[in-house]
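Let me begin by presenting the structure, written as structure tokens, before commenting on it.
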Number of protein chains: 2
Amino acid sequence: MDKHGSKGQAMETNMGVDYVVHYKFTSVDKKDAAVQFEKLVSALGKVGLATEVRQGDRTSLLVFVKVASSEHLYGEIYRSRARDWIHGVQSSAPPKEMKEAIEKDPLTEAERLRIIHQLITNSEGDGGAGITPKEGQWKNVDSIFALHNHQYNKEWIKKWSTSYFLSAEDLDAIRNRLGERIAFYFAFTQSYFSFLLFPAVFGVSAYFLLGHFSPIYAIVNAFWCIIFTEYWKHQEVELAIRWGVRHVSQIENRRREFKHEKEIRDPVTGEMVTWFPVRKRLQRQLLQIPFAACVLVALGSLIATCFGIEIFISEIYNGPMKWLLVFLPTIIVSSFLPILTTIMTTIATQLTTYENYETEGAHETAMTQKIFVINFITSYLGIFLTAFVYVPFGSIVVPYLDVFSVTCQAFAEHEKQLTVSQDGFTINPDRLRKQVIYFTVTAQVVNLAMEVIVPYLKRRGFSKFRQFQNDRAARRGGALPEPSENDHPEEAVFLARVRNEAELDVYDVTTDLREMVLQFGYLSLFSVVWPLTGLSFVFNDWLELRADALKICVEMKRPTPARADTIGSWLDSLSFLTWVGSLTTSALVYMFSNDGLGPDGSPEAITGWKLLLAVMISEHAFLTVRWLVRVAISKLDSPGRQKERRERYAVRRKYIEESLEELSKKQGPVELAPDEEKIDRASLEEDARHAGESNVEDRFWARQRGWRETAQVGAGYIERGPSEDPKEKKIQ
Amino acid sequence: MDKHGSKGQAMETNMGVDYVVHYKFTSVDKKDAAVQFEKLVSALGKVGLATEVRQGDRTSLLVFVKVASSEHLYGEIYRSRARDWIHGVQSSAPPKEMKEAIEKDPLTEAERLRIIHQLITNSEGDGGAGITPKEGQWKNVDSIFALHNHQYNKEWIKKWSTSYFLSAEDLDAIRNRLGERIAFYFAFTQSYFSFLLFPAVFGVSAYFLLGHFSPIYAIVNAFWCIIFTEYWKHQEVELAIRWGVRHVSQIENRRREFKHEKEIRDPVTGEMVTWFPVRKRLQRQLLQIPFAACVLVALGSLIATCFGIEIFISEIYNGPMKWLLVFLPTIIVSSFLPILTTIMTTIATQLTTYENYETEGAHETAMTQKIFVINFITSYLGIFLTAFVYVPFGSIVVPYLDVFSVTCQAFAEHEKQLTVSQDGFTINPDRLRKQVIYFTVTAQVVNLAMEVIVPYLKRRGFSKFRQFQNDRAARRGGALPEPSENDHPEEAVFLARVRNEAELDVYDVTTDLREMVLQFGYLSLFSVVWPLTGLSFVFNDWLELRADALKICVEMKRPTPARADTIGSWLDSLSFLTWVGSLTTSALVYMFSNDGLGPDGSPEAITGWKLLLAVMISEHAFLTVRWLVRVAISKLDSPGRQKERRERYAVRRKYIEESLEELSKKQGPVELAPDEEKIDRASLEEDARHAGESNVEDRFWARQRGWRETAQVGAGYIERGPSEDPKEKKIQ
């Protein structure tokens, strides 16, 4: 941001560029690169895009792309909207006249960029240029990105940093600029932040009035978690309707990597589609079970080992250098955990690819689930070990920890320092609380800082490295002139900015979503240990929302708008964490409610059946309450849902009124019919009554003419009916 | 059925009658009755129905009704179908031309009768005659019923009684004749019967190979319950689509008894609608909690008391008359339980009415839930007491049962006969099994017999009573002539039959559904006690299906067809029973697996935490498996669902193709556009390049003309790029 201010107005124009294609080449494949480059611009040109090329850095080109004719763009937009309607995303059809359709529902920046991006990346069969960065014939295409609107970004950050809450309009603005997928993340975090105010305030009161492990806090907190999760489900639908993207996740974007076994005819559309047997996929999905076991064993044993070492050093070891040695487990975890996580994530990616999903959505869901399993273990296992192994079984387990004496044997002066002291081992009741505070305060702050600072350092380092390279080349005398030296003066500032943006990372919204969901997990699972958790999160999340906005604006390429109607399978993770919360919280309350020493003053007094009973009751109460909350929330109507129903109703109403009008014209008023008929049929019936040739049914219906005669005959029957005295009648 | 055969052909004609209105009057209100009768036939005439009146019994009239003009009926049918489409029941709109619409989708008997019934009973505002039997001004109208088609019924019963399975066509036939609501009951029972074959066969094998309380049987049985419940959910949707009634339960039939607080404008349709505050209803619904408690206490204490008495008499008492006294509790239960159940059902009805639901559907759901609570207690509490009170706590509880000594004090010869024998009390391990056999065999057979025989006896008794009355009147000399004496000879047989049908009861399908659901409960909850349960049910249900068909044909009035797209909230009851089954079965297996004597040979060895752990594991396994089964079944596609999607797709596709054709006419082929444009723009751009007055953006885009120039310029950049040796490049 610093240098932008000085260059003034020139910063503001993006030259009408819609997308920039970053084309990299190496010094060895120049001929090839030139041929492929021609293919690239020709493909872009053929789908109606205007192109301009400029030099990027020494070995890359920047191809600027914009839509050549707005007529063409409108055609694409109309096609996209019509497709939405066919698949049920829109409840009313777009007007048949294209211009009218665009005017009725004006184009947002995000929709424009999304459609142009589709034009560039869609396969040729779907009417696109079929450009797939870094793949196949397009391996030289490094990235395709839109340009930041710096002026807008500046105002955005400024506005946000001075407001406490984001309004619905703020979220709409994000949606209009960055697309629904990112807008859903901000909407979710904002919603979560607003909800957090309650546990923050209640948590502070509970901390001072109720103390730790208060059953009241546990119940209120569980209730809050249920309401938040269920409310968000409701809110999500509402937002999807507001943004016109409901059911958009059902429009299936086929994965390019999908490998089909044969082609079959789609029973719905009648088109030929590629197909992969479901049973085969199911078999491959079964591999998830050994995968989950692997993750648990690999990450679990690392965490458990470090946990053991830490306890050994902090609780048993009492030799020299203890102050330094206590950091040992942290160092081991910090260095090995990221490596293991990366390995596991790679395996997860391969496994998901092997499962061979047909659509992007299904692939992403499967991947998200695996990522959640990995993160669940890395985030919560440490606390689980403390709460459910160290405390209840500490006195049994700890003596065996002398296997870890190897870690500090070098420093110990004599054996005694490596064994449990004669007084016997006592459990440190404060360990659990400290650990929760670490995860909910320290780790959150560190994490937030990392998110902002690391990319900054990375950029700085990268630019330093390039400087160094240039200097070295200059010293050798082989230095080529800086590409920027050839820039047209009036484009120089603009090109410098684009070169800068081309080097930025791509923003991935799932990372941020995961962070929020895992944070929610601490609240749901362990906040009963330390009720100030909510308060800490309120501060953290206010900053988080702003830091994310800053990150998107400054440290990342402008994200390509994508649509979504949900935060995806993270929602299932939220439900799952709420459920597990009902188990852990009740167990923690039962075990620690007497200030960390179990119900009877010592952890040994924890009895199995009471613990299990507490957990069972809590779980069933949770399920019942969740069911009730769901029923109550399903009763909530909302403007969006009403609008949707109204539109659908109006379309059909109109159609039916047209047909009914025709109908009533033909039929005439209903009331007159019987009388008219009576007059018409009178003579006929008179005949029929005397004609022996008509059948029994006709004669049956001809005995009384019209309802007046029926009434008379009936009155006659009633008159001739029994007329006993009232007493007699009652018996009957 | 007996006398029908003799009268031959005359039985077969229903005289083209659509409905019969049974009008009753008393001897005291003759004048009033005649006036009201005129109103009745006039109301019927005004909605286009032809009427004929004949005498019923001495104090009633039979009004025969048929549609006067088929044109009018078609109009009504078209309106009904159009309404279906507006509310989303049909995915494609009915053709605008009425005749075409009727021909495309021919009219079934059930649809015809349903629509005529609506014509008679709908309010005048909705275009009906507004006749509400037994209410308000129509209090003399006893019933409105269609006539049986005896010839058809005979063939139906004959066909069914000689076939093992019902085919999809058999179910379609029921749907076409009796409507979807009853067809859904038969479809459910048929589906359940087919599924039962597995537990029947497996149960027999388990009985001989695995013995009682086998964990393997328990697991397989739970799995079967889950699959059946989830499969039925899937099947239900499929049937609803097949029968064209999907979402029909969302067409809200407003309850006539609904009391509104104010009128508001419906946000969807814009019409004024009556409204009752949701919060107020919620408050009233809270009364369900004390109601459920009441039911539990009232029924529970009766059942528990009789249980106590039974145990006292059979296990403690050893005086004279024991063989007779053991029947005492059965007699108490048999006489008091129906009374209490009736009282509770009355309270439930009043409570449901007080909750003031707007729609028939919501009212029925609320009522069904209450009925289920009552039935759950009466059906299963006895076995629960044996399994979870008598066996584990028997030795503690039984000595206190001497309070029941009062029941047989009169027969006892000395005190000893009323106290626990010196040998101490031992639990009777066979009691549980005997009880389960009683409920799953004896009670089922008795129930089935009652269903068929009781109505028959009732009819016989009623006709005897009338005979007796007539005779008495004849003896007094005041006997009026039998109404049948005035019948026209050619109508006599027909009228006799109608008089007979007018006296029959109304068929209520929920009673039969409830029976099936409760039967499923025994299988899910307790069949591990006696694995032959499934076998017993297979026989019972084969008969049940036929008995129900017979009942509908012979012992009940012909049911008025009604639509439904589900078996309603009984489905929730099924899910609930499956869930509870996972708890009871695991507990039973743990407690009794060592032949009814607990894990270590004596019930005292049952440990709390092991029991709870078994139940918890079982419950979570159940929830996981259910989730997996749901996912798997949701993946199943089906012809019906495909048809629905195909229709929706076709409608939209057609619309969009029309608009896209217009679009492409205007636009011309996309591929040519850039080249054409290039030629057109060439001179303009040349100008722009030299004109200083154009702005920076225009100049930016004018530097390269078309993609060919971009390609050339790009190739130039690549050419001038760094050309170091490959080794150097790699470092870079």
Distance (nanometres) between label positions extended 7 Å along Cα→Cβ at residue A:490 and residue B:28: 10.6 nm
Could you tell me how far the Cα centroid of the stretch B:133-162 sits from the Cα centroid of the stretch B:428-455, in Å? 31 Å
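From the Cα gyration tensor of the protein assembly as shown, with a ≥ b ≥ c the square roots of its eigenvalues, which class applies: rounded if a/c is under 1.5, or else prolate if a/b is larger than b/c, or else oblate?
Details: a/c = 2.72, a/b = 1.38, b/c = 1.98.
It is oblate, given that a/c is not under 1.5 and a/b is not larger than b/c.
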With angles folded into 0 to 90 degrees, how steeply does helix A:706-720 sit against the dominant principal axis of chain A? Use alpha carbons for both and round to 10. 80 degrees
Take the cross-link list A:104/A:158; A:30/A:139; A:158/A:233; B:159/B:557; A:30/A:134 and give me the ones stretching past 23 Å between alpha-carbons. A:104/A:158; A:158/A:233
Taking residue A:657 in one copy and the same position in all the others, each labelled 7 Å out along Cα→Cβ, what are the pairwise distances from the first, in nm, shortest first? 3.1
Counting Lys and Arg as +1 and Asp and Glu as -1, each charge on the Cβ, what is the dipole of chain B about the Cα centre in debye, to the nearest 20? 1400 debye
Decide, for the stretch A:217-297, between rounded, prolate and oblate: order the square roots of the alpha carbon gyration tensor eigenvalues as a ≥ b ≥ c, take rounded if a/c falls under 1.5, and otherwise choose prolate if a/b is larger than b/c, else oblate. oblate
Run the Debye formula on the Cα coordinates of the stretch A:365-407, all scatterers equal and no solvent, and tell me log10 I(q)/I(0) at q = 0.18, 0.30 1/Å. -0.67, -0.94
With a cut-off of 13 Å, note down the residues of the stretch B:295-317 whose backbone N falls inside the zone around a label point 7 Å from the Cα of residue B:400 toward its beta carbon. B:305, B:308
Can you tell me which of A:609-619, B:283-293 comes out highest on packing, and rank the rest after it, using the mean Cβ neighbours within 10 Å? A:609-619, B:283-293
Length-normalised contact order of the stretch B:18-146, Cα under 8 Å, at least 6 apart, in percent, tallies to 32 percent
Hey, what D do you get for chain B in µm²/s if you plug the Kirkwood alpha-carbon radius into Stokes-Einstein at 10 °C and 1.306 mPa s? 50 µm²/s
Ratio of the Cα radius of gyration of the stretch A:134-207 to 2.2 N^0.38 Å, where N counts its residues: 1.64
Rounded, prolate or oblate (a/c below 1.5 giving rounded, otherwise prolate when a/b exceeds b/c) for the stretch B:169-208 by Cα gyration tensor: prolate
Scan around residue A:273 for amide H atoms under 5 Å from its own, H built in the peptide plane at 1.01 Å from N, and keep only partners 5 or more places away or cross-chain. A:264, A:265, A:266
Dividing the alpha-carbon radius of gyration of the stretch B:259-381 by 2.2 N^0.38 Å, where N counts its residues, gives 1.57
For peptide B:644-650, how many partner chain Cβ atoms fall within 10 Å of a residue's Cβ, on average? 4
Report the calculated FRET efficiency for residue A:324 and residue A:476 (r = Cβ-Cβ distance, R0 = 30 Å), to the nearest 0.05. 0.05
May I ask for the distance between the Cα centers of the stretch A:337-370 and the stretch A:505-584, given as a whole number of Å? 20 Å
Per-residue average of other protein chain Cβ atoms inside 10 Å, peptide B:54-63 -> 4
Once label points are set 7 Å from the Cα along Cα→Cβ at both residue B:162 and residue B:69, what is their separation, rounded to one decimal in nm? 4.6 nm
List the residues, sorted by chain then number, that are 5 or more residues from residue B:129 or on another chain and whose placed amide H is less than 5 Å from its amide H. B:120, B:121, B:122
Per residue of B:21-30, count partner chain C-beta atoms within 10 Å of its C-beta, then hand back the mean as an integer. 4
Computed over the stretch A:479-597, Cα set: Rg, Dmax in Å: 23.0, 76
Within a Cβ distance under 14 Å of residue B:288, other residues only, what is the Lys/Arg minus Asp/Glu net charge? +2
Hey, could you grab the Kirkwood Rh for the stretch B:454-535? Inverse mean 1/r over distinct alpha carbon pairs, Å, one decimal. 17.3 Å
Could you grab the relative contact order for chain A? Cα pairs under 8 Å, six or more apart, rounded to a whole percent. 19 percent
What gaps in nm, shortest first, separate residue B:323 from its twins in the other copies when you place the label 7 Å past Cα toward the beta carbon? 9.5
Taking all pairs of different Cα atoms in the stretch B:18-146, averaging 1/r and flipping that mean, what Kirkwood radius in angstroms comes out? 15.8 Å
Of B:217, B:267, B:188, whose Cα points farthest to the positive end of the dipole of the stretch B:181-322 (charges on the beta-carbon: +1 Lys, Arg; -1 Asp, Glu; origin at the Cα centre)? B:267
Give the Kirkwood hydrodynamic radius (Å, one decimal) of the stretch A:290-350, defined as one over the mean of 1/r across all pairs of different Cα atoms. 12.7 Å
Sort A:638, B:536, B:524 so that the residue with the fewest other Cβ atoms within 10 Å of its own Cβ comes first and the one with the most comes last. A:638, B:536, B:524
How do B:578-584, B:146-152, B:460-466 rank on mean C-beta neighbours within 10 Å, highest first? B:578-584, B:146-152, B:460-466
Helix B:489-502 vs. chain B, principal-axis angle (Cα, 0 to 90°, nearest 10): 90 degrees
Residue A:454-residue A:539 FRET efficiency (beta carbon distance; Förster radius 25 Å; 0.05 resolution): 0.75
Computed over the stretch B:124-279, the distribution of all Cα-Cα distances in 5 Å bins, rounded to whole %, is 2, 6, 10, 12, 11, 11, 12, 11, 9, 6, 5, 3, 2, 0
Please report the base-10 log of the normalised intensity I(q)/I(0) for the stretch B:35-96, using a Debye sum with one equal scatterer per alpha carbon and no solvent, at each q in 0.14, 0.15, 0.29 (1/Å). -0.58, -0.63, -1.14
Is there a quick way to get the dipole size of the stretch A:2-147? I mean about its Cα centre, with the Cβ of Lys and Arg at +1 and of Asp and Glu at -1; what is the value in debye to the nearest 20? 340 debye
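Every number in this text was worked out from the coordinates using simple rules, so none of it is lab data. As the structure is a prediction and not an experimental result, all values here were calculated from the model. For neighbour counting, all protein chains shown are included, and Cβ atoms are generated from backbone atoms with ideal geometry for every residue, glycine included.
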